[in-house]
Structures are given as C-alpha cells and as structure tokens.
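Enquirer: Below is the structure I would like to discuss, written out as structure tokens.
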Amino acid sequence: MPQSADRVLDHAPLFREPEYQEMFKNKREQFECPLPTEQVNDQVEFTKSWEYREKNLARQSLVVNPAKACQPLGAVFAAAGFEKCMSFVHGSQGCVAYYRSHLSRHFKEPCSAVSSSMTEDAAVFGGLNNMIDGLANTYALYEPKMIAVSTTCMAEVIGDDLQSFIQNAKTKGSVPQEFDVPFAHTPAFVGSHIDGYDNMIKGILENFWKGAVRNAGTSLNIIPGFDGFCVGNNRELKRLLDLMGVEYTFIQDAADQFDTPSDGDYRMYDGGTTIEQVKSALDAKGTISLQYWNTRKTMDYVAEQGQETATFHYPLGVKATDAFLMKVSEISGKAIPEAIRMERGRLIDAMADSQAHLHGKKYAIWGDPDFVQAMAQFVMETGGEPTHCLATNGTKQWESEMKDMLAANPFGASAQVWAGKDLWHLRSLLFTEPVDFMIGSSYGKYLERDTGTPLIRLTFPIFDRHHHHRFPLMGYQGGLRVLTTILDKVFDKLDADTIIPGETDYSFDLTR
Amino acid sequence: MSLDYENDGELHGKLIEEVLAQYPDKFAKRRKKHLSVASDAGTEEIEGAERPVTECDVKSNIKSIPGVMTVRGCAYAGSKGVVWGPIKDMVHISHGPVGCGQYSWSQRRNYYIGKTGIDTFVTMQFTSDFQERDIVFGGDKKLEKIIDEIEDLFPLANGISVQSECPIGLIGDDIEAVSKKKAKEHDTTIVPVRCEGFRGVSQSLGHHIANDAIRDWVFDKKTREVETTPYDVNVIGDYNIGGDAWASRILLEEMGLRVVGNWSGDATLAEVENAVHAKLNLIHCYRSMNYICRHMEEKYGIPWMEYNFFGPSQIAMSLRKIAKHYGPEIEEKAEAVIAKYQPLVDAVIAKYGPRLKGKSVMLYVGGLRPRHVVNAYEDLGMQIAGTGYEFAHNDDYQRTGHYVKKGTLIYDDVTGYELEKFIEAIRPDLVGSGIKEKYPVQKMGIPFRQMHSWDYSGPYHGYDGFAIFARDMDLAINNPVWDLFDAPWTKEAPLAAAAE
Ligand code: SF4
Ligand code: SF4
C-alpha cells in the first residue's frame, strides 16, 4: 500500500507506484482495446514531419487549440474597469459561469457578472422578460452604480435588441430612468474577446457622451485594452504619468477590481473609472489607446468627438515605451523628467549586461495581436529573432503590418507571421522550424511537453503560475521584468542542459 | 460517522428571511422555495430503505431567476464538460463559436493515460469556431469539412462527438444527418449531441441528453467478441478528477471485481460500447448518469447500485453493500480490503482528527458531492453547517436527508448574494465550493477548498484519496495566513499603550 499518513502522496507520485502502474497496464490491455503501440508511435513521428505540417496548414474549417476567446469575455473584462459596475450578460447563463471562472483562474480573484438566464422559452419568445426581471434583481441585490449589458450567442442569434429592451425595462421600473445601463452587442461569432472589449468601451462612451457638449480641455485619456496584466501595467503607467505631472484619466481600469486586498472584507467592487470621470473624459485634449487592435471602433468614435488620438501596440520594451512617453509629452505638453530617463538607463544597462545570452535566440510568440507585435519588437531589441509570430485573432491587415515591421529590422528577416492560425498549427511549425523559446500563455505548456520548447508565460491567460500579472510588463520597469523573466528561462534551460554529473556538468558554471 | 450534533436551525431560519427581504417581492417568493432548514424526518417506515435522518424540503431543478448571479452552468457543460469530454480516444467538437470550448478547455482535470493529440484528446480544444456566415447560412457544410479534417489529421481517433453550443439549435442545423452520413463514409462512430446551452435549467439536462446520446448512438452499434465473467462491473459516474476513478478501481479489483468499464474518466469508447455486457452497474455520480443505468437495467437487465467512496465510513459501507450482492466469497475479500486499509485510516484520523475536530463546514457543489462528502468530513470530526446543490433534483434532496443533521441550512441554486450573506453570518471554519466562490470567501478570511476540481489536488475517492482529503482540509484550515489579515496597528489597542 503506497499511501501513508506520515507522508501523504499526491496524485503525481501516488500513481507512479507499482500497484497503480500494474493496474493501468491491465486496464489498457484488457478493457481499452488500445491500438498497437507501433501504430501510435508512427503517428507521433508523422506529426513531426513537414508532410503533416502541410496537411495541418491546409486545414480550412477545423480549429484546434486556438489562442482566443469570445466577445462577451472582453465585454465583462471591460465593464470590470468601471466603478461599481455590474456586468449583465443577456442570453444563456452557462456562458457567464464560464467568463467568471476564466477570469478568476487567471487573476486568482473574484469575478462578478450576472446573466439574464434565458432558456428555451426565451428562444421562442425573445428575452425581453428576462431583461426586465434581471435588471430589477441585479439592481436590488448588488447595488451597482451602473449595469453594463452585453450579449451571448443566444441573444444575438435570436436578434434581441438591447436598446429597446433596456428602455422597456426602465419604463417597467426595473431600474430608475436615469440609471446608467450602457450596452454593447457582442456576438461571439464575430471577432474575439478584443472586439468585445472594443464594443463595450464604445457602448459606455456613447452612453455618457451622446448629446453632451465637448469643452476641449488639457487632460489626457488612456484606454488600456484587454490586458491580463492590467493590475501591474495600469499602476506602473499611472506612476509614470504622475512623475510627468500629466493630468489623465484611465477609461477602463480593472487594476483594483482584480487585485483586492485580503483583510477580512470581501469587496465585490473596487476601484475603476467613475461615471464622473467618463463624462468629463469627453473634454480631454486627446485619447491614447494602448492596444490598437482592441479599440478600433472606440478610437474612431473618440476621434469623431474632435479629440487628438494616438494608438499603440501594447507598448513594452525600450522603443515602444519611448514612443508612448513622447506621445504623452506631446499631447500634454509636459516634459519627460530626468527620473524617467534614469529608469530608462537602468533598463538599457540590464539589457547590455545580459545581451550575450539573448543575442540570436529564436522565439515563437503568440497571443493577442497587439501583444505579439510588442513582444516581437522587444525581442528584436535584445538581439533575438521572432521566428514565429502567431495571433489566432489577428487579421490580414495585422499580418501585413507585422510583416512590414519585421522586414524593417535585420533581426526580423527570418520571421514568419501567422494570422488566424492556432496552437495545433504552431505545434507543426515548432517541429519543422524549431525555436529556442516560446512566449505566450499557459496553453503553451502542451507545446512545451510535445516539442520540448521552453515556455515563457507573459500573456493572458496564465493559469498555472501565480501572481505574475500583479507586476508590470509596460514602462521601463516592466521591461526589466520581461527581460528578467526571459533570462530566468534562458538560464534555467542552460542549467538543465548541463546538469548530469560527470557527463554534461563541465559546463555547469557557477557564474553565467 | 455517527457524529452527533445539531445545527442552529433558528439562526438559519432567520438568515433565510433576511436574504429574502432584499429581493423584489415576486422573486423573494420564488427564491423562498429553494431555501430551507433541515428538519426531523417523519417516522414512517420506507419499504426496503433506511429512513433518512432529516428532511430537506426545497424545490429544485427549476429555472434560475434572471440577474441574480447563479453559479450554474449550462447543458453543454453537462454534456461536453462532464459526460463526454473525458472519453479519451474520441475527438469532442465544441460545435459553434469559440468561447464555450475555450473556457472549458482542460478545466475539469479528468486524468487519463495516453498520447495527447495522437491517440487521446481530452486536454485539447476542438472547435468549429463559427463565424457570421455559419450562423447565416448554417454550419452543416462546415461540420462535414471538420469531420473530414479530423479524420485526416487525427486518424487514430476512435470516434467523434458533436457537442452543440447555443446557436446550433437556433439556426436549424441538422447535425444528425451530417453525423450519419460522415460516420458511414469514414466507417467510424460519430455522435451528435443536442446539448445547446439554453436547453433545460442547468448542467443537468445536458447530462441527460448526453446519456441519451450514448443510448442512441453508441449502444448496439458494433459487434465485438467480449469475454465476460460474473464479476464484471461498470463504474458509472466517476470522472477521474485528479485520479478519483483510479483510487476507486484499485479497491474494487482488490475485492475480486472486474471493472470492465469506467464512465467516463480515462475511458475509451470501447469501454462504453462493451458496458452492456457487464453484470452490475456501480454508480457514483447518481445525478449525472442515473439515466443510462436505468436504461441498461431495462434493456439489458443490468442491475445498478449507488455507492460512495468518500471517507472511510462510507467506503466500508459501500464495499460491504457491493459485496453483499455477490455473496460470501466477495464479502470475505471486501472485509479483507477494509481491514487492510484500517491502519491507514486510523493513522490519518489520528494525525488530522485533533487538528480538525469540531470545525464547521459549508458546502455548495454540483449534483452529488453536497451530500456525498458529508461523512468524509464527519470521519474527521468536522460538522456540516450548510449544504446545497447547483443542479440537484428532488431525489437528490431526498437522499441528502440521509446525510445531514437537523438544523442544517439547505440552499438550492443559491445566488451569489445569498451565499455571501450566509457565509458571512455563519462564518464556518471551511467552505467547499467552486472557483467562482473561492476568492470572495477567502477574502473574508475563511479557508476554502474547491470541491469540483479538488483545488488541483486529489484524488479524494478511496482510501488513498481520503489521506489526501484529510491533509488538504488541514492545510486549508490551519495555514498561518488566516491570522495575518488584520494589520496590528488597526487592532483596538489602548491609546496609552500606543503612545509608549
Ligand atoms: S461562444 Fe457563445 S455560447 Fe459560447 S461562451 Fe461565448 S457567447 Fe456563450
Ligand atoms: S459530482 Fe457533481 S460536479 Fe461532479 S459531475 Fe457529478 S454532479 Fe457534476
């Protein structure tokens, strides 16, 4: 009997004990009707081949292990960035359970959202009653300052009209007439979670800006985009903006909502952009989007209001941070202080110290389009080569912009851009054109297992490592963190490759 | 197991009134039926059954009310997530837009052995990733293409299931016709499942639909020579979360039974197909798979029996009950198994019992565990203050009466608001529920364990699992972090002392 109270064996060691191994073998042989081992091994080898890669890349309909989620997830994340704002997702309820779980698993934090719980009868008659009753209940139970409504597939397919439904519910007294219920249609069969983010932010801005008169002022708006590292990033950017003395408003800021303290009180709501701030954001001099592909519609709308606009691609690393700060300086008229130049210098110092370990390293990078763009750029700043750049939710236009950016840099000369491809495609790419490291999300662990390529977790979702999202990737400080994270993996790999006593450990250097 | 205690029914009754007061009238009335306090069970004898200890009188399996933050999922989660997803050598297509499959990808911890992507596929996300044109023009053509591509790229898959997401049933696709056509063409098993998320009121109908799909699309479809013995059993409704089914199987084999099929954790399609030749069905998760047991009883004459492998009292009781079905020879072996593990049980209780004794627990889980784990806690001297189900039916609450004590707070399809208020007021020493509940509860300073995923631990079934269960409850409750919540300077200290 392997188990004991003294030393309780967890699943990993427990099932490696002989009793269990024997049991697995019997189960397999007697009851599973397994395929011959040789056939399995042949297929393992075949999937590593160029021939399999060609077949795999020729896929037209099947999607396997995609790196994207659906629109309402982005809408729920967006709504979490406003003060005491409850997400209300109109449609079937299972989806909402999924969004909440998904965000909780990444942030290790509560995530609140309600559903209008539509069922079969609502499919036939429409979900108006669900909206009327649902808004009333949400308002009574959760005391929100605003309720942001988005939609699941079900509501979209049957064509429920949010605007009239919400008006109807207000007339029926579900919530007071003047209570803010911004909304966005977020069909899951169009785009991905980043478009859901875009739609919801635009919906919220329209709710507060429509009909209002703009009095152009001097302040600056920042729209972050869907960001699993919002906790660390937003706080770091605010620190920089404060150092510069810029007057600014984050439009959507989930940093506090997804990082509430443990002190005995559960805060269902924390932080976020206030309604007053959203209203006065109309008067800002300009608005900067940190993630272009996340905010295309929103930024068009902002530009229509007569504001200056600028967009970035998840600014991280040296040049992107430079450009971001200079743009802020340009719009706000505030200079970049010496303290920030020092921070920059420290990042450059660190990069110079470690450049020998990074130069020429090949990477596969995947994630949302803006992130991939940013990370490819940073990798090139360290002398690395972004060999495979993949975004399942990247468009053709993204692909061509990426190609232009890479072609302009000698380190990007051999880079390939994969828009609309998934992580099963990437598996073939890694076997046929291997790289040294991958940068992506937790989903990459399966690729690490299959191809042996070490995974560096730097983008949403990260389920199997804790707390990284609490630290920034943006700003020069963030750059330092990205750099260190990559280096840790480089050194861990080097050690792992030189750790066999008497065989490889002549290179097991104390100082590297 | 015969731990004697009673909960404060009066307080619990008051809490129910308090939470209901917050709802608009119409919905207070509706929610009222789902909340109650366990009362003394009547005294009348029930034929052929043990009398329950208490009565848990709530309404269940009813639509959630809109806008309240139900914890429930949907039929797709019940079918793809629970019943079908763990069958390891099939490809399960999440048919529709990308989301549902993405969020449920690899989240249930159905352990299995195999080469993923080659001969097994559980921890992969296969989606048809519907686009607007698929919604407008229908997705059947795309589904055909997808099946062809699976056959081409994953030739060792032993079958395919099509797990419908919400849009499928709304746009009028005929996935049955596609499945039939393509199954014939590729000479393989293809199972269409109509588990669109809007069907039913929770995961529960998804379980049922998934069971029916096995009946209609798997049973009696292939002829295969199968060796049988009188000791052939199927384990039904064990999803091998963190290895639960393995820690169970080892005991059943030790007592001389032959587990010919495990449904559905670590199962191959062959195990499901061959199940009809077994002599007995042992069902763990009654809620999710009783349907197929009833069918197998009716059609193939296979009797079924519920059992419970959480905690030593229930394990011993279950082993004896199962053995009794076979007679003295197996009974003797069952006793030997119980005796063999008794020292482990004693050691576990000796080690953790003193650290856990008298601690109170509130549970809120799916359709089985809110009752099934009760005695495992009591084996460690812990007490259940409240329990409830996301998607139980009436028969589950009846069964719950055999487990919980008088005064226990019972909550069906609890809302986020209610659960938070209940926990805040009762302040149990431990809460066992899901990922969505974990962080709010912990922030209140109350220890928590996820009781769907075993909080990435497990197994919790069987004797080997009980040791892990006890260790986990101890490490949750007795971690020093819970004492660090208050900053020392905010504690009410005499001002004079502070000034010193
Ligand atoms: S894809 Fe559609 S049905 Fe699935 S989770 Fe997203 S909104 Fe819900
Ligand atoms: S034990 Fe509960 S949560 Fe698990 S499958 Fe059964 S009903 Fe679902």
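Enquirer: Give, as a single signed number, the net charge of other residues whose beta carbon lies under 12 Å from the beta carbon of B:Lys14, with Lys and Arg counted +1 and Asp and Glu -1.
Expert: -3
Enquirer: Take A:Lys319, A:Lys202 and sort them by solvent-accessible surface of the protein heavy atoms, 1.4 Å probe, largest at the top.
Expert: Greatest to least solvent exposure: A:Lys319, A:Lys202.
Enquirer: Take each complete run of DSSP H in chain A, measure how far its Cα atoms stretch along the helix's own axis, and keep only those covering 27 Å or more with mean Kyte-Doolittle hydropathy at least 1.6; list them.
Expert: none
Enquirer: Past the 29 Å Cα-Cα mark, which pairs from A:Lys25/B:Lys80; A:Lys68/B:Lys145; A:Lys108/A:Lys210?
Expert: From the list (A:Lys25/B:Lys80; A:Lys68/B:Lys145; A:Lys108/A:Lys210), the Cα-Cα distance tops 29 Å for A:Lys108/A:Lys210.
Enquirer: I'd like the per residue volume of the convex hull spanned by the Cα atoms of the protein assembly as shown, given in cubic angstrom.
Expert: 195
Enquirer: Within chain A, what percent of beta bridges assigned by DSSP are antiparallel, to the nearest 5?
Expert: 5
Enquirer: Bin all alpha-carbon pair distances of chain B at 20 Å intervals from 0 and give each bin's fraction as a whole percent.
Expert: That works out to 22, 53, 22, 2, 0, in percent per bin.
Enquirer: While we're looking at this one, here's another question. Treating the Cα atoms of segment A:18-120 as identical point scatterers in vacuum, please give the log10 of the normalised Debye intensity I(q)/I(0) at q = 0.10, 0.13 Å⁻¹, two decimals.
Expert: The computed values of log10 I(q)/I(0) come out as -0.63, -0.80.
Enquirer: When N is the residue count of segment A:100-199, what does its C-alpha Rg come to as a fraction of 2.2 N^0.38 Å?
Expert: Scaled against compact globular proteins, the figure is 1.10.
Enquirer: How large is ³J(HN,Hα), in whole Hz, for each residue of segment B:402-409 in order, when computed from phi with the Karplus curve 6.51 cos²θ - 1.76 cosθ + 1.60 and θ = phi - 60°, using x for Gly and Pro?
Expert: Once θ is set to phi - 60°, the couplings for segment B:402-409 become 6, 10, 9, 8, 4, x, 5, 6 Hz.
Enquirer: Next question. What nm value, rounded to one decimal, do you get for the distance between A:Lys297 and A:Arg239 when each label is placed 7 Å out toward the C-beta?
Expert: Reported label-point gap for A:Lys297 and A:Arg239 is 3.6 nm.
Enquirer: Still on this structure, I have one more. Give the separation of the Cα centroids, segment B:134-167 to segment B:406-434, in Å.
Expert: Segment B:134-167 and segment B:406-434 have Cα centres spaced 42 Å from each other.
Enquirer: So in the protein assembly as shown, what percent of DSSP beta bridges are antiparallel if you round to the nearest 5?
Expert: Approximately 10 percent, going by the DSSP bridge assignments.
Enquirer: Additional query: For segment B:159-171, just list the computed ³J(HN,Hα) in residue order, Karplus coefficients 6.51, -1.76 and 1.60, θ = phi - 60°, integers in Hz, with x standing in for Gly and Pro.
Expert: Those phi angles translate into x, 9, 10, 10, 9, 6, 9, 2, x, 3, x, 8, 9 Hz.
Enquirer: Next up: Percent of accessible area on the protein assembly as shown owned by carbon and sulfur, 1.4 Å probe?
Expert: 50
Enquirer: Using a 1.4 Å probe on protein heavy atoms only, how many Å² of accessible area do B and A hide from each other, summed over both chains and rounded to 100?
Expert: So the total buried area for this chain pair works out to about 9200 Å².
Enquirer: Calculate for the protein assembly as shown the 222 nm mean residue ellipticity that helices alone would give, adding -39,500 (n - 2.57) per DSSP H run of length 4 or more and normalising by residue count, nearest 500 deg cm²/dmol.
Expert: Computed mean residue ellipticity for the protein assembly as shown: -13500 deg cm²/dmol.
Enquirer: So what does B:Lys181 come to for accessible area, using a 1.4 Å probe and Å² rounded to 10?
Expert: The value for B:Lys181 is about 100 Å².
Enquirer: Let me confirm one metric for peptide B:439-445, namely the mean number of other chain beta-carbon atoms within 10 Å of its residues' beta-carbons.
Expert: That average works out to 6.
Enquirer: Starting from 0.36 nm per residue, how many nanometres of slack lie between A:Ala212 and A:Thr484 once their C-alpha separation is accounted for?
Expert: Taking 0.36 nm per residue and subtracting the Cα distance, the gain is 93.2 nm.
Enquirer: Another question, if that's okay. Consider a paramagnetic label point 7 Å from the Cα of A:Ala352 along Cα→Cβ; state which residues of segment A:450-491 have an amide N under 19 Å from it.
Expert: Residues A:476-477, A:479-481, A:483-484 fall inside that zone.
Enquirer: State the three equivalent ellipsoid semi-axes of segment B:1-127, derived from the C-alpha gyration tensor as the square roots of 5 times its eigenvalues, in descending order and whole Å.
Expert: 40, 24, 13
The values are calculated or read from the model by the stated rules, or taken from the named source; none is laboratory data. Worth saying up front: this structure is predicted, and the values here are computed from it rather than measured. With ideal geometry, Cβ positions are generated from the backbone for all residues, glycine too; neighbour counts draw on all protein chains shown. Keep in mind that these areas ignore ligands, DNA and RNA; they rest on the heavy atoms of the full protein, side chains included. Shrake-Rupley method; radii C 1.70, N 1.55, O 1.52, S 1.80 Å.
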